[in-house]
1. Does the range 78-95 contain at least one residue that is of a type outside the set (A, V, I, L, M), at pLDDT 95 or above, closer than 25 Å to Cys15 by Cα and in contact with a Cys (Cβ under 8 Å, 6 or more places away or on another chain)?
2. Conditions: (1) surrounded by fewer than 13 Cβ atoms within 10 Å (Cβ to Cβ); (2) outside any helix (DSSP H, G or I); (3) of a type in the set (A, V, I, L, M, F, W, C). Ala156 meets all but one. Number of the miss?
3. Among the candidates Ala117, Ala99, single out the residue that is of a type in the set (A, V, I, L, M) and under 14 Å from the mean Cα position of the chain (by Cα).
4. Assess whether Ala65 counts as being of a type in the set (Gly, Ala, Ser) and either part of a helix (DSSP H, G or I) or modelled with pLDDT of 95 or more (or both).
5. Can you pull out the residues in the range 78-126 that are in a strand (DSSP E or B) and surrounded by fewer than 17 Cβ atoms within 10 Å (Cβ to Cβ)?
6. When you scan the range 137-148, do you find a residue that is surrounded by 16 or more Cβ atoms within 10 Å (Cβ to Cβ), hydrophobic (A, V, I, L, M, F, W, C), at pLDDT 95 or above and in a helix (DSSP H, G or I), even just one?
Amino acid sequence: MTRPAPPAGPGLGRCFEVFTVSAFGLETLRAYAAPGEQDRLKAFRLRRPLPGRPAPASRWLARIAATTAAGKSWHRVRVLDRPLSEDECSRLLGYRECAGAGEVIRIADRSSCPVLAPLARDFWLFDADAARPFAALMNYDHAGEYLSAAVTTEPAVIMACVTARNLAQQHSVPLGAYLAALKAETD
């Protein structure tokens, strides 16, 4: 049996254009060095209102909104460790914007759930329950700056991503519930 080819095109960006049913992201790093996010992190640090998102992030939110309106689903699980890093705290607030655009965000606390320890690789899994699933394995440098994504349809990789997705979802809570619990801890 011939394996379907990965989406043609320049990698990760193309994946978000061609998926037909679902996109699931797993995030596991303590910090990400996203271009254009420094002003938001600084405002968070100073407890000021967050400035508007940089243009690429605004396009990201528009893509989520448009594709969910067209019937596609977006899900993400953010795996966190305690104590939360400054970047993790800041990103929790940003996730509210993604959720507002239609993405289902869940949070998994690795420090209170040892079974999550093996989850250490970020990926996007597309159309996992459809006939032609594919995945993008994310590559970052030591500072959390995005380098590239390896797009694959390899069945063993897809199965590993599905297993990691299921584990993360099983041991996660909705973003709103996590934020409420976090607020209750600090009050």
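The values are calculated or read from the model by the stated rules, or taken from the named source; none is laboratory data. Owing to the predicted nature of the structure, the values given are computational and were not obtained by experimental measurement. All Cβ positions, even for glycine, are placed from backbone atoms using ideal geometry, and neighbour counts span all protein chains on display.
1. Checked against the condition, which is being of a type outside the set (A, V, I, L, M), at pLDDT 95 or above, closer than 25 Å to Cys15 by Cα and in contact with a Cys (Cβ under 8 Å, 6 or more places away or on another chain), the range 78-95 yields no hits at all.
2. Evaluating Ala156 over (1) surrounded by fewer than 13 Cβ atoms within 10 Å (Cβ to Cβ); (2) outside any helix (DSSP H, G or I); (3) of a type in the set (A, V, I, L, M, F, W, C) leaves (2) as the failure.
3. Ala99
4. yes
5. The one that is in a strand (DSSP E or B) and surrounded by fewer than 17 Cβ atoms within 10 Å (Cβ to Cβ): Val104.
6. No, that holds for no residue.
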